[in-house]
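Please read the structure below before turning to the comments.
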Amino acid sequence: MQGVGAKGIMIRDFFLFAGIAALLSSAALAQDAKSVVDSAARAMGVENLGSVRYTGSGLNYALGQAVNPTSPWPKFNVKTYERLIDFDAGAMTQTMTRTQGENPPRGGGQQPIVGDQTQTVTNGFGASDLTQSAPWAAQFEAWVTPVGFLKGALANNATVQPKTVAGKKYNVVTYTVGSKYKVSGYIDDQNMVGKVETLVDNPVLGDMPVEATYSEYKDFHGLKFPTKIVETQGGFPVMDLTV
């Protein structure tokens, strides 16, 4: 039998060391993520929150209904908007009343609207098990909200990486829902969620990028919540809301 030379032992030991280092690094990232998420949950008042309801007004855009492939989605005025997310029950309801926003009408989205149009959508969702709830395309809106993102991070194995965007430092926390759908949230130095990103299956756009940005946080009965919400899908805005 041929023996293992010194060089072979060194290579073996190197890969063993690298493997141990990777495991330790992964464990450290998971621990760091828990600390970051716990701090944000405390700062925002999310720890024991069972549900959240918020209202506002602004603009809504009809996804995929642009007049041509390079134009933004058609715009509508949102007179009233309400979203209720019940994390205990795993249910979400969104109701908005919108009016015509473009004159003359350009693109689809049930244009032109005459008077007020009220839309209500109700979906179920699950923090980690999609098989017992709605498909990701129907429930992702719950998890890209600041509260939903933190709830999901608390329920799943999250990791964290530091990142600087436009000179501002963030802890980017990432976790996977249903072993498939990755969600990343940018937590700033005030422990507020500034942005959440994910991908959603779309029959036309494929893996469609979704990005929700949050700013102008205020205290609402102990819950820190943004009063400015802008969400884009497929590279164009779908919602611009003032809470």
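The values are calculated or read from the model by the stated rules, or taken from the named source; none is laboratory data. Quantities reported herein were computed from a predicted structural model and do not represent experimental measurements. Methodologically, a virtual Cβ is constructed for each residue, glycine included, from the backbone with ideal geometry; neighbour enumeration extends over all protein chains shown. Just the protein is used for accessible areas: all its heavy atoms, side chains included, with ligands, DNA and RNA removed. Shrake-Rupley method; radii C 1.70, N 1.55, O 1.52, S 1.80 Å.
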(Q) Of all residues being in contact with a Phe, Trp or Tyr (Cβ under 7 Å, 6 or more places away or on another chain), modelled with pLDDT of 90 or more and part of a loop (DSSP other than H, G, I, E, B) in region 70-100, which is least open to solvent (accessible area, probe 1.4 Å)? Just the residue, please. (A) P74
Q) Of (1) open to solvent by 70 Å² or more (accessible area, probe 1.4 Å); (2) more than 13 Å from G152 (Cα to Cα), K182 satisfies all except one. Which? A) (2)
Q: Restrict the check to region 212-223 and report whether at least one residue is closer than 24 Å to P135 by Cα and surrounded by fewer than 18 Cβ atoms within 10 Å (Cβ to Cβ).
A: yes
**Q.** Residue check for V147: exposed (fewer than 15 other Cβ atoms within 10 Å of the Cβ) and among the aliphatic types (A, V, I, L, M)
**A.** no
Q | Every residue from region 190-211 that is among the polar types (S, T, N, Q) and either exposed (fewer than 14 other Cβ atoms within 10 Å of the Cβ) or under 23 Å from R42 (Cβ atoms) (or both) | A | Q190, N191
Q.
Can you tell me which of (1) at pLDDT below 90; (2) open to solvent by 40 Å² or more (accessible area, probe 1.4 Å) is the one A66 doesn't meet?
A. (2)
(Q) Just the residues that are of a type in the set (G, A, S) and out of contact with any strand residue (DSSP E or B) (no Cβ under 7 Å at 6 or more places or on another chain), please, taken from region 80-108. (A) A89, G107, G108
Q: Determine, yes or no, whether V183 is out of contact with any Pro (no Cβ under 6 Å at 6 or more places or on another chain) and under 19 Å from T232 (Cβ atoms).
A: yes
Q | Flag for N103 being open to solvent by 20 Å² or more (accessible area, probe 1.4 Å) and either more than 15 Å from M239 (Cβ to Cβ) or in contact with a helix residue (DSSP H, G or I) (Cβ under 9 Å, 6 or more places away or on another chain) (or both) | A | yes
Q: Considering each of A138, A155 in turn, give the residue that is within 14 Å of the chain's Cα centre (by Cα), at negative phi and in contact (Cβ under 8 Å) with a residue 12 or more places away in the chain.
A: A138
Q. What is the residue count in region 201-234 for residues that are out of contact with any strand residue (DSSP E or B) (no Cβ under 9 Å at 6 or more places or on another chain), more than 27 Å from Q65 (Cβ to Cβ) and of a type in the set (A, V, I, L, M)?
A. 0
